[in-house]
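Below is one structure, written out as structure tokens; the observations come after it.
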Amino acid sequence: MRILIMDGSAALRPALEASLKQVFPQAVIDTVRADQIRFSGCAACDVCSWKTPGICAHPGLARDIARFFAQADLCVLVTGLSSGAPQAASKALWEHILPVVHPGFVRYRGELHHRLRYPRLPGLLFVAESAYPAGDPHSEFESAIFASWAERAACNTMSHAASLIVPAGQAPDTGRLNALLNDLARCTPAQGDRLPPLSVPGLPDPADPGQQSPLLILAASGRKNSNSLAIARWLANQTFKDGLEAQVVDSMTTAPDETGRRILDAGQLFVIAPTWHDALPASTIRLLEQLAASGGSAGRGRPLFALVHSGYPEPAQTATALASLRFFALEHNWHWAGGMTAGATSIIDGRDLTEAGFFTRNLRQGLALAAADLAAGRAISSKAVRAAARPPLPGWLFASAGNMMVKKRIRQLRAAGIDPDARPYLASGTETGNSHHI
Ligand SMILES: Cc1cc2nc3c(=O)[nH]c(=O)nc-3n(C[C@H](O)[C@H](O)[C@H](O)COP(=O)(O)O)c2cc1C
């Protein structure tokens, strides 16, 4: 039995270690602590897909994460929560599993996903410390979002998952923790706090924000020249045409303090972010944490709109990240005025949406309708939400067209002597300073 612990919570660590010792006395454990990689999540550089297939470009421990993950039977992530999502430091750890998937596409549980580089990936246990005490109504939202993220993570790794939320200041229930570990080890469907996936938030119609006031559009991705920025610019142009001036702030090129100041000055805020591993990128979560710490997140009843977009085409892919932003609005006294989703946005590749053509036509239609709503001082209509959410292609066609492109690149790679299907971590047994028996 080999276990990977992604450790982002000093408070939960002792109970987890005690349970692991009890349930798997012979296990070999690899531990990676969030503070060891200093917040740096995936850089979205694509090196693990095309240059060194299966191996992360980040040196050091961040690179070891994919190896530990590929060789583990069970992966346990312990974390605090930020608006229901794992805190930025823990999310950054999770993002480094990316090399275990292959660039090719398959359909899984009715959705598009990357195929796995390895025959199977570990069972997943996500244990979180709530930001709220037992009985606080906010913890209900938090649990729903975190449990839904656990489900999404299991979908992306074609594995199975359970989640456990521990009220703030309490120790996990050892009996419950042991039972979940046993379930996962037997590969039976885990019995954690699982809920059906959330529907796309933003529906039914949100409340009306009332009057029109200066709009700030925040592009909040984890990389420069992002698709989020391209979408933000297109939306700003559109609202301008409709008579509403909007400023665009790119979180990747603006310091968090400055972003906070601009948000405080704005009349209304529109956040545009991608989904990375079924939640907001680590760097986006970190920005929200920084804003909360500096007071820049205070909504004071102002309207907050959001669009979360994804590489895969289905709206379900963004549900958890969108729910986190909606919960953030509730926590920080913003007036939630509409959530949108759009799929298949990787194709934008930082270009103007019009230039990106056919694949962005539904997104552009939804954004044009949303811009008219914004300019008229209305909440985003469900017509705008539905238009943007419509996948540009059915899933099966998307998968075969995507795979045709991937195959072409794979041929080029083979010609250059690189094995695109490499499984660099298939053989286990390479111990490092972080492995130990319990
Ligand atoms: C590290 C990483 C993880 C991703 N995870 C997902 C995912 O779980 N589901 C999905 O549909 N798309 C996923 N994507 C695709 C992005 O959502 C998509 O490419 C988006 O257009 C990126 O927008 P950006 O340029 O603003 O970051 C991921 C992309 C990256 C770089």
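The values are calculated or read from the model by the stated rules, or taken from the named source; none is laboratory data. Bear in mind that the values here come from a model prediction, so they are computed numbers and not experimental data. So basically every Cβ, Gly included, is an ideal-geometry build from the backbone, and we count neighbours across all protein chains shown. In case anyone asks, the SASA skips ligands and DNA or RNA and just uses the protein heavy atoms, side chains included. Shrake-Rupley method; radii C 1.70, N 1.55, O 1.52, S 1.80 Å.
So who's got an amide H within less than 5 Å of the one on residue 80, skipping anything under 5 residues away but keeping other chains? H placed 1.01 Å off N, in plane.
87, 129
Can you run phi through the Karplus equation (6.51, -1.76, 1.60; θ = phi - 60°) for segment 333-350 and list ³J(HN,Hα) in whole Hz, with x for Gly and Pro?
6, 9, 9, 5, 10, x, x, 10, 9, 8, x, 6, 8, 4, 4, 4, 6, x
Please compute the contact order of segment 215-389 in relative form: average sequence separation of alpha-carbon pairs under 8 Å and at least six residues apart, divided by the residue count, as a percent. Walk me through the numbers on the way to the answer.
Details: 351 pairs, mean separation 41.0, N = 175.
Answer for segment 215-389 is 23 percent.
Can you tell me the 0 to 90 degree angle between the C-alpha axis of helix 319-331 and the longest principal axis of the chain, rounded to 10?
So the inclination is approximately 70 degrees.
Restricting everything to alpha-carbon atoms, can you work out Rg to Rh for the chain with a Kirkwood hydrodynamic radius?
Rg divided by Rh gives 0.96.
Taking every Cα atom in segment 13-65, find the radius of gyration and the maximum pairwise distance Dmax, and write them in Å.
Cα radius of gyration and Dmax of segment 13-65 are 15.2, 42 Å respectively.
Could you give the accessible area per residue of segment 1-159, probe 1.4 Å, as a whole number in Å²?
Here the per-residue accessible area is 33 Å².
Hey, which aspartates and glutamates would be in cross-link range of residue 383, C-alpha to C-alpha under 16 Å, not counting anything within fewer than 8 residues on its own chain?
Qualifying aspartates and glutamates at Cα under 16 Å: 205, 208, 373.
Of all the accessible heavy-atom surface of the chain, with the other protein chains kept in place and a 1.4 Å probe, what percent is carbon and sulfur?
The C+S portion of the solvent-accessible surface of the chain is 54 percent.
Roughly what percent of Cα-Cα pairs across segment 76-197 reach past 25 Å?
Tail of the P(r) past 25 Å holds 24 percent of the pairs.
Going from most exposed to least, what order do 91, 21 have by accessible area with a 1.4 Å probe?
Details: 91 0, 21 130 Å².
Result of the area sort, largest leading: 21, 91.
Expressed as a rounded percentage, what relative contact order does segment 291-380 have, with Cα pairs under 8 Å and six or more residues apart?
Details: 110 pairs, mean separation 26.4, N = 90.
Averaging sequence separation for qualifying contacts and normalising by length gives 29 percent for segment 291-380.
If you stretched the chain out fully between residue 1 and residue 354, how much longer would it get, using 0.36 nm times the residue separation minus the C-alpha to C-alpha distance?
Stretched fully, the residue 1-residue 354 segment lengthens by 121.9 nm.
Normalised by the number of residues in the chain, what is the relative contact order in percent for Cα pairs under 8 Å and 6+ residues apart? Intermediate results must be reported in sequence, preceding the final value.
On the way: 976 pairs, mean separation 80.6, N = 438.
So the answer I get is 18 percent.
So what J values fall out for segment 139-156 if you push phi through Karplus, 6.51 cos²θ - 1.76 cosθ + 1.60 with θ = phi - 60°, rounded to Hz, Gly and Pro as x?
5, 5, 4, 4, 4, 4, 5, 5, 5, 5, 5, 4, 4, 5, 4, 5, 5, 5
In debye, nearest 20, what is the charge dipole magnitude of the chain about its Cα centre with +1 on Lys and Arg Cβ and -1 on Asp and Glu Cβ, if you could check?
With only Lys, Arg, Asp and Glu charged at Cβ, the dipole is about 1360 debye.
Got a sec to turn the phi values of segment 79-95 into Karplus ³J(HN,Hα) couplings, 6.51 cos²θ - 1.76 cosθ + 1.60 with θ = phi - 60°, whole Hz, x for Gly and Pro?
These are the phi-based 3J(HN,Hα) values: 7, x, 10, 10, 6, x, 8, x, 4, 3, 5, 6, 4, 4, 4, 4, 4 Hz.
Which angle from 0 to 90°, rounded to the nearest 10, does the C-alpha axis of helix 61-71 make with the longest principal axis of the chain?
That helix lies at roughly 60 degrees to the long axis.
Longer than 32 Å from Cα to Cα, which of 241/407; 51/91; 21/91; 224/408; 51/224 are they? Say none if no pair is. Each step should come with its number before you reach the end.
Values: 241/407 42 Å; 51/91 24 Å; 21/91 25 Å; 224/408 27 Å; 51/224 20 Å.
241/407, as the Cα separations exceed 32 Å there.
Using a 1.4 Å probe, what is the accessible area per residue for segment 215-389, in Å²?
Details: 5910 Å² over 175 residues.
Using a 1.4 Å probe on heavy atoms only, each residue of segment 215-389 averages 34 Å².
How many Å³ per residue does the convex hull of the Cα positions in segment 215-389 occupy?
Dividing the Cα hull volume of segment 215-389 by its residues yields 92 Å³.
Could you tell me the accessible area of residue 69 in Å² (1.4 Å probe, neighbours in place), rounded to the nearest ten?
So the heavy atoms of residue 69 present about 0 Å² to solvent.
Suppose we keep just the alpha-carbon trace of segment 20-130; what are its Rg and Dmax in angstrom?
Spelled out, the Cα radius of gyration and Dmax of segment 20-130 are 14.7, 42 Å.
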